[in-house]
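Student: Before I ask anything, here is the structure I am working with.
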2 protein chains.
Amino acid sequence: MTKTEDRVGRVYDLVRRMAENFEFKPESQINEVALAKSFGTSRTPVREALNRLVAEGFLTFQARRGFFCRPLSPSQILSLYEARIAVETEALRLAIRKSSDSQLAALLETLRGVLSEYDQCKDPRRLLELDEQFHVDIAKGSKNQELVRILENLNARIRFVRLIDLKNAYLNDGAETTTSQIPSHLMIMQNIADRDESVAVDTIRKHIERRREETTEAVAKAFAEIYFVDDDA
Amino acid sequence: MTKTEDRVGRVYDLVRRMAENFEFKPESQINEVALAKSFGTSRTPVREALNRLVAEGFLTFQARRGFFCRPLSPSQILSLYEARIAVETEALRLAIRKSSDSQLAALLETLRGVLSEYDQCKDPRRLLELDEQFHVDIAKGSKNQELVRILENLNARIRFVRLIDLKNAYLNDGAETTTSQIPSHLMIMQNIADRDESVAVDTIRKHIERRREETTEAVAKAFAEIYFVDDDA
DNA sequence: CTTACTCAAATTGTCGACAATTAATTATAC
DNA sequence: GTATAATTAATTGTCGACAATTTGAGTAAG
């Protein structure tokens, strides 16, 4: 029974996915016993995973009250986008500054590979994955594990809203809006190839800001999505 | 006995302080039972606190092996400084952009207050606290809780090395090196008053970079400090 | 002297139990 | 009918126990 196998890791992955997708409604309390039962474990590994997720900003915690889902608000999402700009602009700057020519060429090759699939992809979920990968690959070019780590955390916390936004854009404009960002990806790559730090930073900043502007609307749609299926607000 | 009082919070604070100060030697394993015993609790709240600290980057974890102190290396510290630059430059930019004149005036007043104590402070520990506060206050001007949160995490993880560095500078140069950064603080404030984003960002970047350059040496001294007292490497 | 093996000790991972607290429900007064 | 109080139920916080695994010591072989 007690197989000293990594239950926490498993539970963590599951709860994290649930938190990412707002399967816990914003601000709602998380019931430890129900969760544990649904996983077929005791509360111990559940609580350990929950504690990790609090530290990562997916959940909040109040002593003697328990764990709660993070709030979902336009200002919160805006903050995450702003933080993304902070991390990605500096990471890009460092990537250009620190990389050798051959390293930069390798990075561009990787990015080309990502874009080639991105180009002909129809699935919003996969599209989002590829976009994230594009940005994370650039960040990895900074050779700064800390920036990468922060970026991946931010991505995970924005993911739900971005996906809603993407699905919506896809439905409305027949994949037109989504492809309209490819030029901006190509522009970033050109700036990298040119080793032009300040222009590259400016390009990626505007690129992220453009996404950020759709935020408020997307949050509203996200709320609808969350409270639609099994309702009773 | 089980008073449902916040043991995790208490334990978390204690372990965090220990991790900050590298009272666990870098890379060394953390013994849960010993820790629990020293706190007079069971392992449960200890493990919960440990899990939080892993997510915050103070510790690492390997399944079935346990919790370990984070490594201490120049490159790791460099990464944290680079991340600080990313966060603080963008936060400063946002603070200038988003604040009203009166908000900016209030911020500058706060900063003046911090500097006035900083000026005549002799204690390295307090000096560091005040410097951190100066930077965090600016970051708070961004009205972005996420950036503030990230910065505070980064600060805590750099703190030990910075303190060693500060103490050393103080001893060697009779508080001369430390005061030499005041002009740079004043310069940042002037840039804020002028609402000059790009210059302000450039000033704070250089300010942080100057500190970063002392990193490698400071890490070496930090190692000496860690392995000196109860030695046996 | 080094390497491989065996066995004992230490450590981790998980569980079920129970006290303490908070939340919900019912009852009671106004 | 609403508000307040008492009682019950649900939930959290912590503990001690025990199986599974890893670590380390001691021993034997090469």
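Student: With closer than 19 Å to B:ALA63 by Cα and either of a type outside the set (Phe, Trp, Tyr) or more than 15 Å from DNA strand C (Cβ to nearest atom) (or both) as the only criterion, which of A:PRO45, A:PRO26 stands out?
Tutor: Result: A:PRO45 is the single residue among A:PRO45, A:PRO26 that is closer than 19 Å to B:ALA63 by Cα and either of a type outside the set (Phe, Trp, Tyr) or more than 15 Å from DNA strand C (Cβ to nearest atom) (or both).
Student: If only one of B:ALA83, B:ALA63 is touching a Gly at 6+ places or on another chain (Cβ under 7 Å) and within 14 Å of chain A (Cβ to nearest Cβ), which one is it?
Tutor: Step by step, each of B:ALA83, B:ALA63 is checked, and only B:ALA63 is touching a Gly at 6+ places or on another chain (Cβ under 7 Å) and within 14 Å of chain A (Cβ to nearest Cβ).
Student: Of the residues B:ALA200, B:ALA233, B:ALA220, only one is among the small types (Gly, Ala, Ser), surrounded by fewer than 16 Cβ atoms within 10 Å (Cβ to Cβ) and at pLDDT 85 or above; which?
Tutor: Exactly one residue qualifies, and that residue is B:ALA220.
Student: What number of residues within the stretch A:12-43 satisfy the criterion of being in contact with a helix residue (DSSP H, G or I) (Cβ under 7 Å, 6 or more places away or on another chain) and within 14 Å of chain B (Cβ to nearest Cβ)?
Tutor: 7
Student: For residues that are assigned to a loop (DSSP other than H, G, I, E, B) and either at pLDDT below 95 or not β-branched (Val, Ile, Thr) (or both), scanning just the stretch A:32-53, find the one that is farthest from DNA strand D (Cβ to nearest atom).
Tutor: Restricting to residues being assigned to a loop (DSSP other than H, G, I, E, B) and either at pLDDT below 95 or not β-branched (Val, Ile, Thr) (or both), the top hit is A:GLY40.
Conditions tested, residue by residue: (1) at pLDDT 95 or above; (2) part of a helix (DSSP H, G or I); (3) acidic (Asp, Glu).
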site	(1), (2), (3)
B:VAL114	yes, yes, no
B:GLU129	yes, yes, yes
B:ALA139	yes, yes, no
B:SER142	yes, no, no
B:VAL148	yes, yes, no
B:PHE160	yes, yes, no
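Student: Now for a different question. Residues in the stretch B:86-114 that are among the small types (Gly, Ala, Ser) and within 13 Å of chain A (Cβ to nearest Cβ): how many?
Tutor: 3
Student: Then there's this: Filter the stretch A:1-31 for residues that are over 26 Å from A:VAL161 (Cα atoms) and in a helix (DSSP H, G or I); which is farthest from DNA strand D (Cβ to nearest atom)?
Tutor: A:VAL8
Student: Working only within the stretch A:74-107, note down all residues that are surrounded by fewer than 16 Cβ atoms within 10 Å (Cβ to Cβ) and part of a helix (DSSP H, G or I).
Tutor: Passing the criteria: A:PRO74, A:SER75, A:ARG97, A:LYS98, A:ASP101, A:SER102, A:GLN103, A:ALA105, A:ALA106.
The values are calculated or read from the model by the stated rules, or taken from the named source; none is laboratory data. The model shown is predicted, which means the values in this text are computed figures rather than measured ones. With ideal geometry, Cβ positions are generated from the backbone for all residues, glycine too; neighbour counts draw on all protein chains shown.
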